Amino acid sequence: MTKQLTLARKIILADQIIPYYQPKDYELASRISETMQLKVFADMSRWQAQGLDLLPISINAAPVEFLRDDYAEKLLARLSNFDIPAHKVELEITEQSLSEHGANYVVRALNLLKQAGIQISLDDFGTGHSSLTRLQDYPVDCIKIDRNFVERMNSDPSALAIVKAITQIGSSIALDILVEGIENTEQLDTLIHCDCQIGQGFYFYRPMAGASAQALLHPADQ
């Protein structure tokens, strides 16, 4: 319980959260998720009240969070409580969520969230068992190419080929493609030549406090 309370009270980097976030501990995963969502939504609500133009913010959902069939209802209720438009939130799930025994709960929740206006993204694509053709069976708007391929693509031709293939096929079935883990100009140039349109990584920004993120939302002339 002490470990759960400590983790739930602190917002830490993803690679520090994940070891505790992935095991099938519904209570722990839900506590971490609730704490993070309430903190993020409170910041968004405050920025919105100040007249700032909100950008969509991504939140993660661990596979275990779908073990009970009320994930979508809880998330939508929190958004309503903070008066945050659903289209300002993106939900990131993993391939594992779609391959678990409770995948029917996941699909029901994702359909409900998508109908409300939330964008659904499949995180770390290429590391699990999903196929691009199977994605058409799920309410997914975007797939995120795992950073592992980006790290290797300039030295491993097979990794580069995978990035190109996912980008080309994904766009042909009307899915947005986002590349994760961009950390330097060489990677960025390679991805541009692969016709990748959207990316994220430390090359652009590192994790920052809410006050620093708020400053980025102010118009440049202020």
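The values are calculated or read from the model by the stated rules, or taken from the named source; none is laboratory data. What you see is a predicted model; the values in this text were computed from it and never measured. Every residue, glycine as well, gets a Cβ built from its backbone with ideal geometry; the counts of neighbours run over all protein chains shown. Accessible surface is based on the protein model in full, side chains and every heavy atom, while ligands, DNA and RNA are left aside. Shrake-Rupley method; radii C 1.70, N 1.55, O 1.52, S 1.80 Å.
If we count every other residue with Cβ under 14 angstrom of Arg152's Cβ, Lys/Arg +1 and Asp/Glu -1, where does the sum land? Taking every other residue near Arg152 into account, the sum is -4.
Which of rounded, prolate, oblate describes region 50-95, given a ≥ b ≥ c as roots of the alpha-carbon gyration tensor eigenvalues and a/c under 1.5 marking rounded, otherwise prolate only if a/b is larger than b/c? Please report the intermediate quantities before stating the final value.
Numbers: a/c = 3.84, a/b = 1.67, b/c = 2.30.
Taking the square roots of the gyration eigenvalues as a ≥ b ≥ c, region 50-95 is oblate.
For region 72-222, the gyration tensor built on C-alpha atoms gives an oblate shape. Its axis ratio a/c (a ≥ b ≥ c) is at least 1.5, and a/b is not larger than b/c. Dipole orientation for region 45-115: of the candidates Ala49, Val64, Gln96, Ala49 has the Cα lying most toward the positive pole (charges on Cβ; Lys, Arg +1; Asp, Glu -1). Measuring between their Cα centroids, region 83-123 and region 25-82 lie 12 Å from each other.
Phi-derived couplings, Karplus 6.51 cos²θ - 1.76 cosθ + 1.60 at θ = phi - 60°, listed residue by residue for region 153-167: 5, 8, 10, 10, x, 5, 5, 5, 5, 5, 4, 4, 5, 5, 4 Hz, with x used for Gly and Pro.
Amide H to amide H, with H built 1.01 Å from N, Val89 comes under 5 Å of Ile57, Gln119, counting only residues 5 or more places away or on other chains. Let me check I've understood the local charge: for Lys74, count other residues with C-beta under 13 angstrom from its C-beta, Lys and Arg +1, Asp and Glu -1. What total comes out? Value of the local net charge: -2. Protein-only accessible surface at a 1.4 angstrom probe places the residues Lys39, Lys144 in the order Lys39, Lys144, largest first.
Note on Val107/His193: beta-carbon distance plugged into 1/(1 + (r/R0)^6) with R0 of 41 Å gives a FRET efficiency of 0.70. Note that region 44-49 has calculated 3J(HN,Hα) couplings of 4, 5, 5, 5, 5, 5 Hz, one per residue in order, obtained from phi through the Karplus relation 6.51 cos²θ - 1.76 cosθ + 1.60 (θ = phi - 60°); glycine and proline are x.
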